[in-house]
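S.K.: Mind having a look at this structure? Questions to follow.
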Amino acid sequence: MYPWLFRTFLSRMDPETAHHAAMLVIRLLGFPPFSWVARALTKPDPSLRVQTLGLTFDAPFGVAAGFDKDAVGVDGLHALGFGHVEVGTVTAIPQTGNPKPRLFRLIPDRAVVNRMGFNNHGSYAAAGRLERARRRRHRTVLGVNIGKSRIVDVENAVVDYVTSTRLLAPVADYLVV
């Protein structure tokens with residue numbers, strides 16, 4: 001199904017628009033009845049469960065940072081059966097990222113070049129979304145990738161990271177820098 005969707009729709013859009021379209025679908029999958037159907041079709045087999053570092057992953061396959069930069073698709077990604085979702089990169093201060101175009105397809109290499117520049121709504125917004133996801137009692141392991149805010153100079157980078165850590169650690173299972 002994905003090859004058909006890619007050829008028919010996504011490949012005709014610029015890569016960033018295609019990403020936004022995919023995120024819209026994933027967000028919709030987070031709401032009933034879509035979430036019920038998605039979860040019924042993709043629920044991981046219990047034999048795939050992995051326990052490590054005090055965490056239980058329902059499946060060994062997860063979503064890495066960069067796909068859901070703002071923690072807006074956590075419910076939909078959970079419904080799709082991922083064993084973990086790592087959101088971000090999230091910075092303490094919201095930022096728009098690099099100028100467009102900033103995402104490029106290399107069709108012959110089957111690759112994408114990402115020069116997004118940590119565009120995100122900031123750690124305060126992400127923390128609120130993750131807190132709401134936690135209240136919905138997900139079993140999905142939640143990680144957050146944190147980065148330095150662009151406008152913060154290197155001398156104040158530690159304060160910037162501490163700000164994100166204090167906001168996000170209480171609502172995440174792990175943090176990544």
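The values are calculated or read from the model by the stated rules, or taken from the named source; none is laboratory data. Keep in mind it's a predicted model, so treat the numbers as computed, not measured. Every residue, glycine among them, receives a Cβ derived from its backbone with ideal geometry; neighbour counts consider all protein chains shown.
S.K.: Report the residue count in the stretch 86-103 for those that are of a type in the set (A, V, I, L, M, F, W, C), modelled with pLDDT under 95 and out of contact with any Pro (no Cβ under 9 Å at 6 or more places or on another chain). Please lay out each step first, then the result.
M.R.: Step one: filter the stretch 86-103 for residues of a type in the set (A, V, I, L, M, F, W, C), giving 87, 90, 92-93, 103.
Checking which are modelled with pLDDT under 95 leaves us with 103.
If we keep only those that are out of contact with any Pro (no Cβ under 9 Å at 6 or more places or on another chain) as well, we get none.
Of the residues in that region, 0 qualify.
S.K.: I'm checking my understanding of the structure. Among residues of the stretch 53-81 that are of a type in the set (Phe, Trp, Tyr) and assigned to a loop (DSSP other than H, G, I, E, B), which one is surrounded by the most Cβ atoms within 10 Å (Cβ to Cβ)?
M.R.: Applying the first criterion (of a type in the set (Phe, Trp, Tyr)) to the stretch 53-81 yields 57, 61, 67.
Right, trim to assigned to a loop (DSSP other than H, G, I, E, B) and you get 61, 67.
Working: Phe61: 12, Phe67: 16.
Selected residue: Phe67.
S.K.: Another question, then. So in the stretch 168-177, with the set limited to residues that are in a helix (DSSP H, G or I) and out of contact with any Ser or Thr (no Cβ under 8 Å at 6 or more places or on another chain), which one is farthest from Thr96 (Cα to Cα)? Show your work before the answer.
M.R.: If we filter the stretch 168-177 for residues that are in a helix (DSSP H, G or I), which is where we start, we get 168-171.
Going one step further and asking which of them are out of contact with any Ser or Thr (no Cβ under 8 Å at 6 or more places or on another chain), we end up with 169-171.
Working: Ala169: 23, Pro170: 25, Val171: 24 Å.
Result: Pro170.
So that you can scan it fast, the table gives a plain yes or no per residue for (1) modelled with pLDDT of 95 or more; (2) surrounded by 17 or more Cβ atoms within 10 Å (Cβ to Cβ); (3) not small (Gly, Ala, Ser):
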site	(1), (2), (3)
His121	yes, yes, yes
Tyr124	yes, no, yes
Arg132	no, no, yes
Thr140	no, yes, yes
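For (1) more than 17 Å from the chain's Cα centre (by Cα); (2) without any contact (Cβ under 8 Å) to a residue 40 or more places away in the chain, each residue gets a yes or a no:
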{"position": "Ala38", "(1), (2)": "yes, no"}
{"position": "Pro46", "(1), (2)": "yes, yes"}
{"position": "Gly54", "(1), (2)": "yes, yes"}
{"position": "Gly62", "(1), (2)": "no, no"}
{"position": "Gly76", "(1), (2)": "no, no"}
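S.K.: Further question: How many of the residues in the stretch 108-167 are among the β-branched types (Val, Ile, Thr) and assigned to a helix (DSSP H, G or I)? Can you show your working first?
M.R.: Filtering the stretch 108-167 down to residues among the β-branched types (Val, Ile, Thr) leaves 112-113, 140-141, 144, 146, 151-152, 154, 158-159, 162-163, 165.
If we keep only those that are assigned to a helix (DSSP H, G or I) as well, we get 154, 158-159, 162-163, 165.
So the count comes out to 6.
S.K.: Another question about this same structure. Please go through the stretch 62-90 and pick out each residue that is out of contact with any helix residue (DSSP H, G or I) (no Cβ under 7 Å at 6 or more places or on another chain), within 25 Å of Ile151 (Cα to Cα) and of a type outside the set (A, V, I, L, M, F, W, C).
M.R.: Gly66, Lys69, Glu86, Gly88, Thr89
S.K.: Are any residues in the stretch 12-28 more than 26 Å from Arg39 (Cα to Cα) and touching a residue at least 12 places away in the same chain (Cβ under 8 Å), and if so, which ones?
M.R.: Answer for the stretch 12-28, where residues must be more than 26 Å from Arg39 (Cα to Cα) and touching a residue at least 12 places away in the same chain (Cβ under 8 Å): Asp14, Pro15, Glu16.
S.K.: Arg27 versus (1) assigned to a helix (DSSP H, G or I); (2) at pLDDT below 90; (3) among the charged types (D, E, K, R): which is the lone unmet condition?
M.R.: Unmet condition: (2).
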